[in-house]
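In what follows, a structure is listed as structure tokens, so that the remarks can point back to it.
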Amino acid sequence: MHIFGRHRRIATILCLIPAGYFLLTAIFALVHFDDFASDLPRLLRYVLGPLAIAALLVGCAWLLSPDNALTMGITACSILAGMFMFEGYMRWHNLPQRMGLAGIVDGGTDLERYGGAMPPAYTIKALNAKLGTETLAEAVLAGTPGAEMLLCSRMGVPVTTRIDSYGFRNPLPETAAPVDLMILGDSFAEGICLDDGQHFVDQMRAGGASILNTASRGAGPLYELAVLGRYGPHFRPRITVLAFFEGNDWENLSVETEQPWLHEALAPEADFGPIELDAARRADASRIIAGWWQGTAATLEEYLSRRAYLRNFLALQETASILGLHYPKAASDNPVFEQILHRMKQIADGWQGRVVVVYIPALDQFGGVFPHGFLSAPLRENVARAAESAGLGLIDLTPTFRDYPSPLGLYAPDAHLNAEGAALAAGTIMADPLMTLP
């Protein structure tokens with residue numbers, strides 16, 4: 001009888017350990033309901049599925065015989081432990097490539113030469129936060145003119161570029177106004193971790209069009225509206241391309257709407273500020289950038305702190321991605337995006353220009369054992385509906401990428417486009433009738 005009771009206790013504990021893990025998964029999803037439980041697929045994946053597994057394990061602990069319950073508990077714990085071991089292996093395997101986004105370089109590399117430009121993992125929006133920016137007119141919307149910028153590192157080797165006199169990534173000689181195309185976007189359009197000539201904006205130049213690339217990492221649609229409002233009237237682009245990235249632009253927009261100085265860009269009579277900052281403002285920005293470099297910039301500490309590494313490990317994010325069960329946060333309706341597109345059109349109409357939205361799909365849409373591309377459909381529909389309402393053209397790269405022989409081969413290990421993906425994106429965009437220059 002004593003042995004029987006001990007087996008039951010051990011079996012119960014072994015069943016309750018994985019049951020507790022799945023129960024906590026469901027609780028986390030319910031606490032963050034809008035992100036992980038607001039539609040049926042995410043409700044099934046993050047709430048009902050884990051609860052069912054937890055209930056099954058609890059039932060096994062109490063309803064099965066001690067021996068069968070013990071077998072079930074050992075099996076469940078072994079599977080969960082195996083998943084965590086696999087997660088740890090995948091994170092260790094991918095760590096060298098993904099650390100490149102933080103700009104971690106080999107020990108012999110002199111980082112001082114890049115000290116005048118933004119560190120790889122920092123954004124211009126973060127710079128404005130440190131500056132205490134209160135109005136759009138005083139905001140910094142570009143990098144340090146003429147500086148050499150460390151974009152990232154590739155297996156410890158720096159990937160760099162030279163910033164133009166306006167603070168953007170453009171080749172020499174600089175493009176004079178008016179330009180054929182002006183590109184708005186984030187790190188995908190900036191060409192993060194790709195050499196000059198390889199990223200898709202540079203490859204779009206192959207046809208001879210004059211292009212001004214104003215993209216910068218971390219930018220979202222409202223920030224990009226501010227950039228258009230400041231630099232558009234000067235360069236008067238015939239076509240303005242808004243590169244919308246499926247992976248985080250919607251989330252970036254939610255954060256940007258909380259910034260009062262960015263909200264000013266939506267006002268019809270907004271003061272977007274001069275294209276050249278005064279010397280005092282630029283000096284303040286330079287001091288902050290220098291302080292970042294003297295801190296944890298381009299270090300492993302920075303990489304781990306900025307990516308919720310422990311939380312993602314506990315969520316088995318890499319394992320779920322391989323299975324096709326890592327569902328991104330739900331994209332709720334955001335009427336501000338439609339307002340942004342209307343405002344962009346209004347600004348471009350000032351010089352008889354037009355605006356085209358380019359939708360860039362995320363790597364997660366194409367990976368995984370189980371198909372889950374349907375999860376991006378609501379966001380794509382939101383973007384398409386907003387573009388149509390504003391009277392703008394839309395180029396959706398999703399079908400082109402999906403029909404490619406190996407969609408995963410279009411992305412680098414850091415989930416940005418590689419040179420092959422950039423070439424496909426550039427070719428698709430420039431071949432679209434919407435890109436015909438007036």
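For the reader, a short list of remarks on this structure follows.
- Fully extended contour minus Cα-Cα distance, from PHE86 to LEU408, at 0.36 nm per residue: 113.9 nm
- Computed E for ILE275/ASN68 - FRET, C-beta separation, R0 51 angstrom, nearest 0.05: 0.10
- For segment 110-225: rounded, prolate or oblate by the Cα gyration tensor [a/c cutoff 1.5]: oblate
- Sequence-ordered 3J(HN,Hα) estimates for segment 278-286 from the Karplus curve with 6.51, -1.76 and 1.60 and θ = phi - 60° stand at 6, 4, 5, 5, 5, 5, 4, 5, 5 Hz, glycine and proline given as x.
- Under 12 Å of direct C-alpha separation, and excluding same-chain neighbours fewer than eight residues apart, LYS130 reaches these aspartates and glutamates: ASP284.
- Pairwise centroid distance, computed over Cα atoms, of segment 63-142 with segment 186-242, Å: 26 Å
- Across ASN213, ASN248, ASN68, mean-square fluctuation computed from a Gaussian network of the chain (C-alpha pairs under 10 Å connected) peaks at ASN68.
- Two-site FRET efficiency, VAL157 against ALA315, from Cβ-Cβ distance with R₀ of 25 Å, rounded to 0.05: 0.20
- Each residue, ASP432 and LEU40, gets one label point 7 Å from its Cα in the Cβ direction; the gap between the two is 3.1 nm.
- Among VAL336, VAL201, VAL241: highest mean-square fluctuation, GNM of the chain, C-alpha pairs under 10 Å: VAL336
- Residues of segment 208-245 with amide N under 17 Å of a point placed 7 Å along Cα→Cβ from GLN346: 222-233
- Residues of the chain: accessible area per residue with a 1.4 Å probe, Å²: 45 Å²
- Carbon plus sulfur fraction of accessible area for the chain, probe 1.4 Å, in percent: 62 percent
- Within the chain, CYS15, CYS60, CYS77 have no other Cys Cβ under 4.7 Å of their Cβ and so lack a disulfide-compatible partner by this rule.
- Net charge contributed by nearby residues that have their C-beta within less than 13 Å of ARG113 (K/R +1, D/E -1): -2
- Interchain or long-range residues, amide H under 5 Å from ILE183's placed H: LEU212, ASN213, THR214, VAL241
- FRET efficiency estimate (nearest 0.05) - Cβ-Cβ, HIS32 to ALA384, R0 25 angstrom: 0.40
- Segment 359-438: C-alpha gyration tensor shape, a/c 1.5 cut-off, then a/b vs b/c: oblate
- The Rg/Rh ratio for the chain, using Cα coordinates for both the radius of gyration and the Kirkwood hydrodynamic radius, is 1.04.
- Choice from SER321, SER78, SER254 with maximal GNM fluctuation in the chain (Cα, 10 Å cutoff): SER78
The values are calculated or read from the model by the stated rules, or taken from the named source; none is laboratory data. In this text the structure is predicted, and so the values were computed from the model without any measurement. All Cβ positions, glycine included, derive from the backbone under ideal geometry; neighbour counts span all protein chains shown. Surface areas here come from the heavy atoms of the whole protein model, side chains and all, with no ligands, DNA or RNA. Shrake-Rupley method; radii C 1.70, N 1.55, O 1.52, S 1.80 Å.
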